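The values are calculated or read from the model by the stated rules, or taken from the named source; none is laboratory data. Model, not experiment: these values are computed from the prediction. Neighbour counts run over all protein chains shown; Cβ positions are idealised from the backbone, glycine included.
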Amino acid sequence: MNISLKKLADDHINLRYILIILTRQLEKCQHARDMIKSRQFIQAALNYLCEYPQQFHHPVEEQLIQYLISRDGSILVIGDEVGIQHRELEHSTSTLRLQFTQLTAQTDSQDFNTLKDQLLELINQQHQHLESEEKYFFPLIEKLMKKQDWLDFNEHYNQAYSSCAMDEKRGEFASSILYLAKHAKSA
Ligand SMILES: [Fe+2]
Ligand SMILES: [Fe+2]
């Protein structure tokens, strides 16, 4: 597997891990005050799910799609579908993150339950997106991208993974995973 495709696959492992520990945490919350107690943890997980894909993962996937379309127009349909799902997930994740910041210990139980259900549904959609890419998109990339294509792509297009300027930011996200892992049991 090419190193850039491996990075995309590693991103999926990290995203899945965060989705799993966030689910566990949400399921433990029966009232708004429970979520407030775990606010820092849930906020960190939502920040990661919101920002890492937008800043790193989605741009690389979409640049790859554009790169492949420029060589073979027949994959346009898959490309469109992935892009549409990205915009929807980005929108629903940032909307729910904002709603979560507005939660207080006084939030009534109906609003709390609605928010919790919406968060769990979002997690479900995120899982489905990762799964469909692993099933259809990644194998297609692996099949179509030859060694020379990767060299060309990484040199001219792939700024998010190959630029040193982005390394520091990636480091911050790595720290955020460590924080979440450390607090996953106690949160
Ligand atoms: Fe994606
Ligand atoms: Fe992905």
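Just to be sure, is Gln118 closer than 18 Å to Arg39 by Cβ and at pLDDT 95 or above?
Considered against the rule, which asks whether it is closer than 18 Å to Arg39 by Cβ and at pLDDT 95 or above, Gln118 comes out as yes.
Could you give me the residue pairs with C-beta distances under 6 Å whose first residue belongs to the range 85-106 and is closer than 15 Å to Leu120 by Cβ, whose second residue is away from ligand 1 (no atom under 16 Å from the Cβ) and of a type in the set (S, T, N, Q) wherever it lies, and which are 6+ apart or on separate chains?
Correct list of pairs: Leu96/Gln118.
Restricting attention to helices (runs of 4 or more DSSP H) lying wholly within the range 1-114, give those where 2 or more residues are surrounded by 14 or more Cβ atoms within 10 Å (Cβ to Cβ) and within 16 Å of ligand 2 (Cβ to nearest atom).
Filter on the range 1-114 gives 3-28, 39-52, 58-71, 76-101.
Any residue in the range 45-72 that's within 17 Å of Asp152 (Cα to Cα): show its pairings with residues that are of a type in the set (Lys, Arg) at Cβ separation under 8 Å, as long as the two are six or more apart or on different chains.
Matching pairs, first to second residue: Val60/Lys7.
Tell me which of these Glu81 doesn't satisfy, since it passes every other one: (1) under 22 Å from Ile20 (Cβ atoms); (2) within 12 Å of ligand 1 (Cβ to nearest atom).
Of the numbered conditions (1) under 22 Å from Ile20 (Cβ atoms); (2) within 12 Å of ligand 1 (Cβ to nearest atom), the odd one out for Glu81 is (1).
Among the residues of the range 22-35, is there at least one that is hydroxyl-bearing (Ser, Thr, Tyr) and either under 18 Å from Leu120 (Cα atoms) or modelled with pLDDT of 95 or more (or both)?
yes
In the range 108-125, what count of residues is obtained for those that are under 22 Å from the mean Cα position of the chain (by Cα), touching a residue at least 12 places away in the same chain (Cβ under 8 Å) and within 16 Å of Glu27 (Cβ to Cβ)?
Of the residues in the range 108-125, 7 are under 22 Å from the mean Cα position of the chain (by Cα), touching a residue at least 12 places away in the same chain (Cβ under 8 Å) and within 16 Å of Glu27 (Cβ to Cβ).
Inspect the range 47-66 for any residue being away from ligand 1 (no atom under 16 Å from the Cβ) and farther than 22 Å from Lys169 by Cβ and give the result as yes or no.
Taking every residue of the range 47-66 in turn, none turns out to be away from ligand 1 (no atom under 16 Å from the Cβ) and farther than 22 Å from Lys169 by Cβ.
Among the residues of the range 130-139, is there at least one that is over 19 Å from Asp11 (Cα atoms) and charged (D, E, K, R)?
No: zero hits.
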